2 protein chains.
Amino acid sequence: MDVLEAIKTRRSIRKYEKRPVPEELLEKILEAGRWAPSANNSQPWNFIVLKDEGTRKEVARVATYGKFLAEAPLGIAVVIDPQASTHPVEDGAIATQNMLLAAHGLGLGTCWIGSYGSVHEEKVKKILGIPENRRLLSLISVGFPAESRKSTREELREIVFIDRYGKVT
Amino acid sequence: MDVLEAIKTRRSIRKYEKRPVPEELLEKILEAGRWAPSANNSQPWNFIVLKDEGTRKEVARVATYGKFLAEAPLGIAVVIDPQASTHPVEDGAIATQNMLLAAHGLGLGTCWIGSYGSVHEEKVKKILGIPENRRLLSLISVGFPAESRKSTREELREIVFIDRYGKVT
């Protein structure tokens, strides 16, 4: 799938088919995360693949948002090391977005469950054994889509300025 | 360009040809930012297109990192409203990454100048007239590449865990 098309057509998908995500597609998704840029190429991340259904259900149970992870055939947790980069949140977000786009390009649906600083972050860290000095940036649910979604955005003229904040031409 | 290829082959480019970035390519890049996902679709961003060479040079002068912006034919500043989203830094990073990938798919080179919380953030905010209650997430330099770059990443086996932090199989 063309990169511009992937960016414009990807929607958050929260309902999935039961069938598992093939291992070779999972690897392509992780590869997309691995190749994310990061501040000084610090790569301050680990990706925890949530293969075990019980673990996904346990995580979903404590998640303030993202109950649908319990019914997804796969999950990925993006963990960052805040000491390892000057911009660890941005770095982890880039890796997450790369994985969402790659999954969409492979015909898979995903939803980003925001976790950094959320109410559920500490609870999920305990379940997944994530060390105190690491942060949970995001959880990603993954599966073949069982729904199609539409979305909207502000028009460019509403969000773009020229040379100076507030200047529209 | 295929989305997986775009993700894996994009490198940070800091040297650019003098020729300007055509308006239709700039619009495709901004479209890619516009269609980024955000927490609750809050879209807490503005994009300031740095068309004026003097402004780019002024910004580059105060930037702790990113002096090459002075020689780039175009720049984009990504501004976020921290009050408008539960995850404004992640949202702004997603929009930035979408624009980097789109630019690469269009044959353009970019470099992400990390700005959120940087030494130069306040100085650039003053130059661009960005209000006190907004944050500068990133600066992006854009142009046709005048260099080619290679990079490396940790192998998947070094960064991926299964079901639990530290568990590799």
Shape call, the range B:3-159: gyration tensor on alpha carbons, a/c limit 1.5: rounded
Fluctuation leader among B:39, B:60, B:70 - chain B, Gaussian network, Cα springs under 10 angstrom: B:39
Share of carbon and sulfur in the accessible heavy-atom surface of the protein assembly as shown [1.4 Å probe, %]: 49 percent
Summed buried accessible surface, chains B and A, 1.4 Å probe, nearest 100 Å²: 5900 Å²
Whole-Hz couplings from phi, Karplus 6.51/-1.76/1.60, listed for the range A:100-117; x for Gly and Pro: 4, 5, 4, 4, 4, x, 9, x, 9, x, 9, 9, 8, 9, x, 10, 4, x
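If r is the Cβ-Cβ distance from residue B:67 to residue B:156 and R0 is 45 Å, what FRET efficiency results, to the nearest 0.05? Mind showing how you got there, number by number?
Details: r = 35 Å, r/R0 = 0.77.
With a Förster radius of 45 Å, E is 0.85.
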Note, ³J(HN,Hα) from phi for the range A:128-145, Karplus 6.51, -1.76, 1.60, rounded to Hz, x at Gly and Pro: 8, x, 6, x, 3, 7, 10, 10, 8, 7, 7, 10, 10, 8, 9, x, 5, x
Cleavage-rule hits (GluC sites (Glu not before Pro)) in the range A:19-55: DSSP loop, at most 13 neighbouring Cβ within 10 angstrom: none
For the range A:52-62, 3J(HN,Hα) per residue [Karplus equation, 6.51 cos²θ - 1.76 cosθ + 1.60, θ = phi - 60°, Hz, x = Gly/Pro]: 7, 4, x, 5, 4, 5, 5, 5, 4, 4, 8
For residues of B:84-94, the mean tally of beta carbons on other chains within 10 Å: 6
Average Cα contact separation per residue, chain A, under 8 Å, 6 or more apart, as relative contact order %: 31 percent
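Size of the dipole of chain B about the Cα centre, Lys and Arg at +1 and Asp and Glu at -1 on the beta carbon, nothing else charged, in debye to 20?
Working: 25 positive and 22 negative charges, 109 e Å.
In total the dipole reaches around 520 debye.
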Pair residue B:126, residue A:57: separation of 7 Å Cα→Cβ label points (nm): 5.9 nm
Label spacing, shortest first and in nm, from residue B:57 to its equivalents in the remaining copies (7 angstrom along Cα→Cβ): 6.6
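Heavy atoms only, 1.4 Å probe, whole protein assembly: order B:104, A:120 by accessible area, highest first.
Details: B:104 35, A:120 0 Å².
Sorted descending by solvent-accessible area, the residues read B:104, A:120.
With +1 on each Lys and Arg Cβ and -1 on each Asp and Glu Cβ, how big is the dipole of the protein assembly as shown about its Cα centre, in debye rounded to the nearest 20?
Values: 50 positive and 44 negative charges, 45 e Å.
So the dipole magnitude of the protein assembly as shown works out to roughly 220 debye.
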Shielding of A:31-43 by partner chains, average beta-carbon count, 10 Å: 5
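Can you give the average number of partner chain beta-carbon atoms within 10 Å of each beta-carbon in peptide A:150-156, as a whole number? Intermediate values should be presented prior to the final figure.
Details: counts 0, 3, 2, 9, 5, 1, 6.
Mean number of neighbouring Cβ atoms from other chains: 4.
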Distance (nanometres) between label positions extended 7 Å along Cα→Cβ at residue B:165 and residue A:15: 3.6 nm
Alpha-carbon centroid distance for the pair the range B:123-153 / the range A:122-169, whole angstrom: 19 Å
For the range A:48-125: rounded, prolate or oblate by the Cα gyration tensor [a/c cutoff 1.5]: oblate
For the range A:6-50 and the range B:47-77, distance of Cα centres in Å: 32 Å
Reference-scaled alpha-carbon Rg (2.2 N^0.38 Å with N residues) for the protein assembly as shown: 0.95
Ascending list, in nanometres, of distances separating the residue A:146 label from those of the other copies (7 Å, Cα toward Cβ): 5.5
Å² per residue, accessible surface of the protein assembly as shown at 1.4 Å: 42 Å²
Label point 7 Å beyond Cα along the C-beta direction, distances from residue A:86 to other copies (nm, shortest first): 3.1
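The values are calculated or read from the model by the stated rules, or taken from the named source; none is laboratory data. Here the structure is a predicted model, which means the values were calculated and not measured. Ideal geometry is used to build each Cβ from the backbone, glycine not excepted, and the neighbour counts take in all protein chains shown. The accessibility values were calculated without ligands, DNA or RNA, using every heavy atom of the protein model including side chains. Shrake-Rupley method; radii C 1.70, N 1.55, O 1.52, S 1.80 Å.
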